[in-house]
Structure formats: structure tokens, C-alpha cells
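The values are calculated or read from the model by the stated rules, or taken from the named source; none is laboratory data. If you're wondering where the values come from, they're calculated on a predicted model, not measured in any experiment. Every residue, glycine among them, receives a Cβ derived from its backbone with ideal geometry; neighbour counts consider all protein chains shown. For accessibility, only protein heavy atoms count, side chains too; no ligands or nucleic acids. Shrake-Rupley method; radii C 1.70, N 1.55, O 1.52, S 1.80 Å.
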Amino acid sequence: MKPFSRLLLVSLSFSPALPAADLPIPAQIAFNRDVRPILSENCFFCHGFDPKKREGDLRLDLRESAVAAKAIVPGKAGESELIARINTHDATDLMPPKKSHKALSPREKEVLKRWVEQGAPYQNHWSFEAPTRPGLPALRAQSWVRNAVDAFVLSGLENKHLQPAPEADRRTLARRLALDLTGLPPSPEEVDAFVHDPAPAAYENLVQRLLNSPHWGEHRGRYWLDAARYGDTHGIHHDAYREIWPYRDWVISAFNKNMRFDAFSVEQIAGDLIPNPTREQLIATGFHRCNITTAEGGTIAEENLAMYANDRVSTTSWVWLGLTANCAACHDHKFDPITQKDFYAMAAYFRNTTQGAMDGNIKDTKPILYIPEPKEEKRFAQLPEEIKAATASLANRRKEGKTEATAWSENIAPESFGVRSPSKEPEELAQLDNTAPFSLGAWLTSSKTAKDGSLASRVETTKGDGTQGWELFVQAKKIGFRVFSKEPKAEISVLSKRAVLTPDKEQHLLATYDGKGGFRLYVDGKETEADTKGAYPKGRIPLEGPLTLGRRGTQNPLEDLEIKDLKTFSRALGKNDALSLKEEPALLKVLALTPQARSAKQKLDLEDFYFRSVDAAAMELASKLEALTEEDSAIRARSTVTHIQEEKAGEAMANVLLRGAYDKPGEKVTPAGFSALHAMPPGAPLNRLGLAQWLLAPENPLTARVTVNRFWQELFGTGLVRTAEDFGSQGEPPANQALLDWLAVEFRESGWDVKKLFTLMVTSATYRQAGLSTPEKIASDPQNRLLSRGPRFRMDAEMVRDYALSVSATLSPKMGGPGARPYQPTNIWEVVGLHGARYTQDKGENLYRRTIYNFWKRQAPSPNMEVFNAPTREVCTVRRERTNTPLQALVTLNDPQFVEAARRLAEAVLKQTQDAPAVIDALAGRVLLRPLSSAEKEIVFRTARSIESDFEAHPERAAAFLKTGEARADETLPPVKLATYGVIASQLLNLDEALNK
């Protein structure tokens with residue numbers, strides 16, 4: 001029997017690659033390739049860019065400095081101090097010194113010696129030179145080449161005397177393409193259609209179908225959200241909910257629309273600064289609102305703002321420049337030409353926004369954008385102008401009626417002063433009706449010892465029939481009002497959300513009912529947020545009981561508080577009336593003065609009262625304005641919000657922070673890009689729009705390179721520059737710079753067309769290679785940096801989960817919307833959360849949403865994501881780590897999401913057939929997308945029989961397995977058989993072949 005090679009993990013013994021110390025030294029030394037890595041690692045820290053750390057005033061990063069100091073004598077290694085110092089046996093002169101814990105290998109010493117002998121030519125760091133399109137290299141085996149990508153790859157292989165791998169079979173290619181372009185596996189039917197498609201352009205047609213799938217944007221968006229450090233919470237302290245998911249959906253939509261990458265970038269950095277920005281362009285600015293924020297009381301506002309700006313400079317640099325600018329926040333960069341002044345000059349762009357220092361632990365920290373329901377968009381757009389017009393009309397009425405107001409204030413008798421009704425005496429509020437508005441107000445002075453209870457009530461009590469009536473009450477220093485009836489039995493109560501009573505302070509309380517089921521509570525003339533429970537009893541409620549103060553019915557009266565001036569009104573008072581009621585006692589004292597004795601402020605207070613509560617025309621206008629304002633507020637309350645950027649007025653600036661300390665401001669700087677790169681474009685504004693123009697300028701040597709490198713990384717697992725976050729001196733040089741530069745220029749000159757770039761890459765012969773290796777390739781190219789074989793690596797966390805959901809036909813097709821909350825360990829938020837943070841698992845479809853739509857809490861990331869190296873998204877991530885640990889198998893074998901998916905996969909198959917060989921073929925076809933060999937079938941068949949025997953002997957184990965997850969097992973299927981093949985499906989999903997791309 002042949003070995004079960006494709007289903008079992010096997011241990012292979014490969015010939016090790018030569019260690020760096022044993023690699024042959026090239027005949028012609030190249031500074032960037034051979035010398036710079038040695039100097040950067042061992043010398044530049046003390047003899048490099050940063051003047052504060054420079055020793056002996058010697059710079060080895062500049063040729064003229066090194067030559068002037070005699071450290072290098074070109075062509076004469078024996079006279080060069082550099083060569084003498086690295087070879088000396090005198091510990092006091094040895095370089096690098098022993099205290100640095102660094103030492104050069106014999107090979108490195110020889111490289112430096114030969115370089116000096118060859119004239120010590122320097123080169124600018126490769127990434128700081130703008131890329132030019134290189135010519136295609138001459139090749140010995142041209143027939144393999146499908147496009148320019150292959151020409152550069154094959155040139156590198158030929159230089160190493162390696163051959164490319166053969167093309168992968170169609171099943172492998174279909175699966176690879178679907179996973180790379182959509183993040184989801186293809187269906188068996190799609191694979192079979194491609195396998196049997198005779199069209200010459202079958203492969204290219206498949207590529208286009210996948211690029212046109214809406215799942216393309218979801219998959220590309222997932223990588224971008226890592227870079228954007230997107231999350232659904234603020235990140236620090238309470239780590240409370242932040243509503244910003246419209247930005248996530250915008251990213252997905254932008255990729256699906258194939259938005260030009262330059263526009264994609266500009267709108268995220270400065271969409272609000274584009275003339276007449278659209279709603280979508282404002283949403284895009286959420287990119288730099290994804291940073292972590294805090295509302296912790298012990299923090300210092302200026303320190304928080306400095307932290308936010310630091311994050312934005314660092315993120316911008318990693319995402320568009322591939323540079324570790326964060327190293328220049330406290331001092332000049334040790335290795336790259338980024339000064340501390342450069343860092344804070346870029347920070348000036350981000351210090352000029354209206355975002356505050358504290359997030360308030362609320363979902364909608366300003367600046368925000370309201371996104372109303374489609375049916376309300378038109379009305380929401382009309383309201384600002386109507387509110388503006390109503391405000392102007394009210395202002396005009398006040399201006400016109402000023403003489404009348406003055407006359408009224410000079411002649412009004414105190415006994416005639418007050419808020420106009422129609423009103424009722426308290427004793428007359430003896431009948432309530434769900435359609436009849438009313439208001440009730442009183443003055444209250446409580447104390448620290450005052451207890452909860454009724455402030456005022458009118459309750460009818462009948463033996464055996466319960467009670468009915470109304471009550472104004474106090475509960476835990478909150479105020480509330482309730483109406484209740486005995487027939488029909490119903491009750492509505494409204495209670496302020498927070499404690500509003502202050503001991504030993506006289507406060508005015510007001511409760512209003514609008515006759516439509518809506519209550520409002522006011523304290524000292526200001527509305528307080530309240531929660532309403534229940535529904536107003538329908539019909540009339542006659543009350544024959546007496547009005548009581550300080551108690552309800554015959555209950556014991558409240559003590560240690562004073563209630564006075566109780567008033568009722570047969571209309572729902574508005575906010576102007578509430579304010580007037582609060583002001584009445586003070587204004588009565590003013591009225592006692594002669595007009596001549598009143599101050600200017602007292603006269604203005606009386607005038608305000610007149611227009612709020614006396615002048616009919618002004619009251620009507622104010623009522624209209626209040627209605628419009630409330631309509632606007634109501635739409636906002638129902639709307640989705642998203643965080644955006646908003647520029648402050650005035651000149652953008654920042655201070656260099658000495659040692660990076662927020663409280664040590666130094667030199668004032670104005671906005672600018674990094675001075676060592678290229679100049680700002682002519683006419684670029686000194687705001688974030690100017691920064692975006694600088695990043696996307698043709699002269700920029702980094703943006704196009706960095707971007708295509710990350711896209712390459714998404715397909716091949718590793719970028720042409722492995723250190724995607726660092727294109728500087730400490731980063732790894734490109735494995736094929738000519739290819740990187742060609743792709744960068746092609747991307748930019750093709751109009752920053754993302755889909756076109758991916759089409760180019762996936763249609764190359766390089767991409768189509770089988771993932772097969774040879775001992776020679778393992779020795780010469782162990783990490784596949786030369787691309788001598790096709791890409792093969794473990795899928796990212798989200799793909800592992802989505803794969804299981806997809807093949808089990810449980811993946812929800814729903815796109816967009818608020819974050820879903822799937823299966824998570826019990827109490828996962830309570831462990832790290834404050835003030836009752838609690839994870840409430842969703843039900844139904846949300847358990848099976850694509851992972852990009854899962855709720856992302858930064859302080860408590862999903863364990864089944866974290867174990868597969870998903871970042872917390874507290875900071876920008878442009879390159880995930882990829883580890884392989886036993887914990888990952890524990891997740892995929894035991895997590896309810898995966899166990900349930902395996903069971904439902906078995907259900908789907910068993911509904912079609914219960915013939916064992918056919919079931920095994922179908923399971924493998926869905927998971928592996930290929931038929932099993934006869935040897936593999938035999939192993940799976942034997943395993944199934946063993947599992948089935950165990951479940952037959954222990955049916956409770958089968959029952960326990962089938963209970964996993966919210967979806968109930970299909971009771972029409974034999975439970976032992978379903979559990980058996982559920983376990984088989986789980987094993988197939990856990991194979992290396994299934995978990996790898």
C-alpha cells in the first residue's frame with residue numbers, strides 16, 4: 001500500500017542551506033547588497049545618521065566623511081583605519097567594541113577589505129532612489145515566460161542554476177486562485193467546471209470571475225484593516241464600543257469597485273479636505289480614527305494627543321513608506337535619514353484635527369458622521385436649512401418685539417408672572433388619558449439621608465382590584481414618573497439614566513407627557529436622559545383618591561426632604577418652559593425691583609423669559625424650532641455613526657518633543673514630509689491633503705514599491721522585501737529588486753490599478769508553479785525567496801475559520817453592518833473589562849458571518865483568531881507572524897465553531913447519501929477539492945469504522961458531539977452515523993492540506 005502522503009504530516013530530512021558565514025564572496029562587491037548590511041548592523045549606531053549618538057565625529061554612512069577621517073582610504077585597505085580596527089587584537093581599539101556585544105565574522109571582515117580595495121564605492125540606499133522600469137533580462141529558457149514577472153524570476157533562477165517547478169494541476173490552481181483572490185475555497189462544482197473547461201483562456205476566465213466576486217473586496221479588505229488597525233473598540237481603559245464599521249465596509253466596497261490606489265489613499269488620509277467631499281470620502285477618513293484612544297481620568301490630555309499623533313505618523317510611514325519612522329519620535333533615527341524634526345513635521349498634519357484627547361467611553365466620539373436610513377436621507381439633508389431658517393425667524397421676532405418685551409417687564413405684576421398654561425390645580429389632576437398631554441413640576445430639596453420613595457402621587461386603591469394612578473418618585477438619587485392602571489392592567493415608567501439629585505440643593509423637577517406615549521424628565525430646566533419601560537395604559541383612568549405629597553397612598557411619608565410649589569399643566573411643556581419654570585423664583589425677585597434698579601443681566605433675563613413664555617409669536621416660532629431640532633436629533637439617534645477626521649481652522653503646527661516627552665516641547669515645526677526623500681509637490685497645501693499628494697507623487701521612491709510588495713506578500717506568503725514594514729537600512733534587501741521596481745513602475749503607470757496588478761501576478765508562470773521542491777532547491781533556496789516553486793503556507797486565522805464555514809455550507813452571504821459576535825469562551829470580556837463589560841453571543845445568522853465582520857475587541861481578541869497569529873490591532877500591522885503550534889490544533893478540533901461546521905458538513909453529505917464510500921468521497925471532495933487515492937480511502941474508511949464502533953458502544957459521546965453549537969442536529973439522520981462522519985469531517989478539516997494554501 002502506498003504511503004498516505006497527502007493526508008498525513010510527515011517528517012522530511014532536507015539538506016541544510018549554507019550559513020551566511022560560509023557563503024562565497026562575490027567577485028565584485030556591491031555596497032547595498034554586501035557592505036551596507038554589515039555596517040548597518042555593527043557600525044551605524046555609533047557612526048551613523050544620529051549626531052547625538054555619534055562617536056568620534058565619524059560617519060561611516062557617508063563616503064566623504066569616512067574618507068576625510070582616513071577611516072577609509074579607497075583602494076588601500078592596509079592604510080584604512082576601518083580595516084585596521086576590525087582586525088586588531090587590541091581590545092581598546094577593536095571595532096565594534098566588546099561592550100557592544102557585536103563581532104564581525106571572518107567573511108564580513110574579508111568583504112569589507114575587498115570593498116575598500118575595489119575603491120570603496122558607496123550607493124544610496126536602494127529604497128530611497130526612485131524606481132525606474134528596468135529592461136527585461138536576457139534568458140536562456142524563454143519558453144517558460146508568460147509575462148514580465150516570469151522574466152525577472154527566471155533570470156534569478158538561472159543565475160543560481162535552478163529550474164522552475166512544473167505547473168500545478170488544475171484542481172490545485174483553482175483552489176489556490178480562489179483562496180488568494182476571494183479568501184474562500186471554490187465549490188467542488190466550480191473546480192470540476194474549470195478542470196474540464198477546454199477553452200484556451202479557461203484560466204484567465206477563472207481569474208476574472210474571481211476578481212468580479214464581492215468576496216474579492218472582503219479578502220483584500222482584511223489585509224488592509226490590519227494596516228489600518230481597525231477595531232470595534234477604543235482600545236484603552238474601558239475599551240468601550242466605538243461605532244466605525246462603516247469605514248470597514250467602505251474599504252471592502254473600494255476594493256470591489258477597483259478604486260485607483262492613489263484615490264484610495266488620498267481619501268483615507270484627507271477625504272474631508274477634498275473640495276465638497278462626498279459622504280463616502282468622509283467615511284474613508286476613518287483610517288486615522290482607528291487608532292487606540294482612552295478616557296481614563298488619570299491620563300493627561302496633552303499626553304494623549306501626542307500619543308495619537310505619534311501613532312498616525314508611525315502608521316502612515318509603515319503603510320505608505322515602509323519606514324520605521326517611530327524610531328525618530330525621541331531622537332534622530334539611528335539608521336535611516338529621518339530626523340526627529342522630520343517626525344514632528346509630519347505630526348503637524350495630524351495635530352490639526354478637532355478630535356479631543358478623551359473618547360468618553362462612548363460609541364460616537366466627535367468628530368463623527370451620521371448615516372441615516374435611506375428612507376430618511378432626504379429629510380435629514382433638508383433639516384439643517386430649515387433649522388437655520390427657523391433660528392433666523394426667532395431671532396428676528398426677538399428683535400422686532402424688544403420694545404414690547406421691555407414694556408411687559410416694566411408693567412407685569414408679580415402675581416401675574418409665570419409660565420402660561422392652560423394649567424390645572426394639582427387637585428384637579430384626577431383623570432388621566434393616554435391621548436391627553438400633561439406636565440407636572442415641583443421644587444425639591446433632598447438630603448444625604450433621604451430615602452427612596454414617592455414625592456407626589458394620586459392613587460386610587462380598591463380592595464381586591466389593585467391600584468391605579470400616577471406617581472413622581474425618587475430612586476437612588478434618580479427621578480422618575482409612572483402611570484399605572486388596574487383594568488386593563490398596565491404600567492409605564494420613566495427613570496433618569498443617572499443620579500441627578502444633589503443633597504442640600506434646591507432643584508426643580510419636571511415630568512412631561514406628550515399624549516403619544518412619550519415622557520420627558522427635566523432637572524433645573526435641562527432635559528436628562530431617561531429610560532422608559534412599559535406602555536401607557538389605554539383609555540381614561542379616573543382617580544378618586546387624594547393628592548399626597550412625600551408618600552404614596554397610605555405609605556409612611558418620606559423624611560429629610562422638602563417639596564414645594566407643585567404645579568400641573570394640561571399640555572406637554574417644552575424645554576423653554578422647563579427653563580422658565582426653573583428661572584421663575586429668581587425672576588420674581590427681579591420684578592420686585594424697580595426697572596431702574598435692575599442690572600443689564602437682570603433685564604436680559606426678563607426679556608428671555610418674555611420670549612420663551614409670554615410672547616405668542618416667539619413661542620410659536622420657538623416651538624417650531626424645537627420640533628425641527630428634535631426631529632433632527634431623533635434621526636441622528638436612529639442613524640449609524642462613523643468616526644471621521646475634521647480639520648481645525650488655523651495654521652497646522654507641532655513642536656518637536658524633546659526625548660519624545662509630551663511636556664518638553666521644543667522647536668516649533670510646520671507640516672512637511674521627510675526631508676531626505678523628495679520635496680513637497682508645487683502648490684501642495686500645508687494640510688493632510690498636501691501630505692497625501694506628497695505620498696503619491698511620482699518622485700516618491702517608496703509608496704508604489706511598498707504597496708506592490710505587500711500585494712506580492714498576500715499571494716506568495718513573503719514579500720520581495722521580506723520586512724514589509726521596513727524598507728530602510730535595517731530591513732532585508734529585496735530578493736529581486738529588478739522585479740520589484742518593474743512592478744512598482746507598472747502599478748503607478750497603469751493608473752494604480754489593483755485588479756490589473758493582481759491579474760498580472762496570478763497569470764504568471766511563477767504563480768502557477770506546483771509547490772514541489774528538490775534537495776537542490778532546499779539547499780540553494782530554502783525559503784523560496786527565488787521563487788523556484790509555487791507558494792504554499794498556512795492560511796491566516798480568518799481564512800481558516802471561513803474555510804470551515806464555507807465547505808460546510810454554513811457561511812452567511814450577508815455583507816456589511818455592525819460587528820457580529822460568534823462563539824467565544826464564557827466570560828471572555830469580563831476578565832479584562834471594566835464596569836460590567838460582558839460578551840453576549842449572537843444567535844442565528846450572525847454566528848456564521850464571514851470573519852471580517854466579527855466584532856473586534858482589542859483587549860480581548862477572539863482566541864481562535866489570536867492563536868493563528870491575528871493581531872490585536874492595537875497598532876498597525878503590515879506583516880503577520882506565521883507560527884505553527886499545538887494550540888492551533890486544539891482550536892480547530894475543539895472550538896464550537898469548527899466542531900459544529902464539521903457536523904453540519906457531515907449532515908449536508910448524509911442528506912445526499914449514506915453509502916460509506918460515497919460519503920467519504922463527498923467529504924474529501926468538499927474539503928480537499930480532489931478525489932482521494934485508493935490508499936487514502938482505505939485509511940479514512942478504517943478510521944470511520946473505528947469511530948463508529950466507539951460511538952455505538954458509547955452513544956452518550958455521540959450525543960454530546962451532536963449538541964455542540966447553536967444549530968440543532970438533523971434528527972432525521974442516525975445520530976451515531978452523523979457523529980461518526982462529523983468527526984471524519986473534522987479530521988479532514990484539520991489536515992495540513994486543508995489548512996495550507
Residue ranges of strands (runs of 3 or more DSSP E) in region 499-576 with at least 2 members over 52 Å from the mean Cα position of the chain (by Cα) and either within 24 Å of ALA436 (Cα to Cα) or modelled with pLDDT of 90 or more (or both)
540-542, 547-549, 562-569
Can you find a residue that is within 29 Å of ARG785 (Cβ to Cβ), open to solvent by 30 Å² or more (accessible area, probe 1.4 Å) and in a loop (DSSP other than H, G, I, E, B) anywhere in region 708-723?
yes
Residue tally, condition within 20 Å of THR299 (Cβ to Cβ) and open to solvent by less than 10 Å² (accessible area, probe 1.4 Å), over region 340-386
3
If you check every pair at least six apart or on different chains, which have Cβ atoms under 6 Å apart with a residue in region 129-140 that is touching a residue at least 12 places away in the same chain (Cβ under 8 Å) first and a residue that is part of a loop (DSSP other than H, G, I, E, B) and surrounded by 15 or more Cβ atoms within 10 Å (Cβ to Cβ) second?
GLU129/PRO701; ALA130/PRO701
Have a look at ALA84, ALA148, ALA68, ALA91 and point out the one that is of a type in the set (A, V, I, L, M) and either in contact with a Leu (Cβ under 7 Å, 6 or more places away or on another chain) or in contact (Cβ under 8 Å) with a residue 60 or more places away in the chain (or both).
ALA148
All-but-one check, ASP726 against (1) in contact (Cβ under 8 Å) with a residue 12 or more places away in the chain; (2) open to solvent by 30 Å² or more (accessible area, probe 1.4 Å), failing number (2)
Residue that is surrounded by the most Cβ atoms within 10 Å (Cβ to Cβ) [pool: residues in region 802-830 that are hydrophobic (A, V, I, L, M, F, W, C) and in contact with a Pro (Cβ under 9 Å, 6 or more places away or on another chain)]
VAL807
In region 79-90, how many are open to solvent by 60 Å² or more (accessible area, probe 1.4 Å) and either over 20 Å from ARG63 (Cβ atoms) or not acidic (Asp, Glu) (or both)?
4
Any idea which of (1) among the small types (Gly, Ala, Ser); (2) part of a loop (DSSP other than H, G, I, E, B); (3) modelled with pLDDT of 95 or more; (4) open to solvent by 40 Å² or more (accessible area, probe 1.4 Å) is the one ALA138 doesn't satisfy?
(3)
Kindly evaluate ALA908 against the criterion of being under 28 Å from the mean Cα position of the chain (by Cα), within 19 Å of LYS963 (Cβ to Cβ) and touching a residue at least 12 places away in the same chain (Cβ under 8 Å).
no
What's the total number of residues in region 220-271 that are touching a residue at least 60 places away in the same chain (Cβ under 8 Å), within 16 Å of THR316 (Cβ to Cβ) and charged (D, E, K, R)?
3
Among all residue pairs at least 6 apart or on different chains, which show Cβ distances below 6 Å where the first residue, located in region 484-495, is over 18 Å from THR512 (Cα atoms) and the second is part of a strand (DSSP E or B) and open to solvent by less than 60 Å² (accessible area, probe 1.4 Å)?
SER485/GLN468; SER485/ILE541; LYS486/GLY466; LYS486/GLN468
Could you figure out which of (1) surrounded by fewer than 23 Cβ atoms within 10 Å (Cβ to Cβ); (2) of a type in the set (S, T, N, Q); (3) assigned to a helix (DSSP H, G or I) isn't true of GLN268?
(1)
Look through ALA592, ALA600 and report the one residue that is over 30 Å from THR354 (Cα atoms), open to solvent by 60 Å² or more (accessible area, probe 1.4 Å), modelled with pLDDT under 95 and of a type outside the set (Val, Ile, Thr).
ALA592
For region 161-230, which fully contained helices (runs of 4 or more DSSP H) count at least 3 residues that are buried (at least 16 other Cβ atoms within 10 Å of the Cβ), within 31 Å of the chain's Cα centre (by Cα) and hydrophobic (A, V, I, L, M, F, W, C)?
170-182, 202-211, 214-227
Taking PHE855 as the residue in question, decide whether it is farther than 21 Å from SER253 by Cα, of a type in the set (Phe, Trp, Tyr), open to solvent by less than 30 Å² (accessible area, probe 1.4 Å) and touching an Asp or Glu at 6+ places or on another chain (Cβ under 8 Å).
no
Restricting to region 536-573, what's the tally of residues that are surrounded by 12 or more Cβ atoms within 10 Å (Cβ to Cβ), farther than 13 Å from LEU444 by Cα and either among the polar types (S, T, N, Q) or in contact with a helix residue (DSSP H, G or I) (Cβ under 6 Å, 6 or more places away or on another chain) (or both)?
5
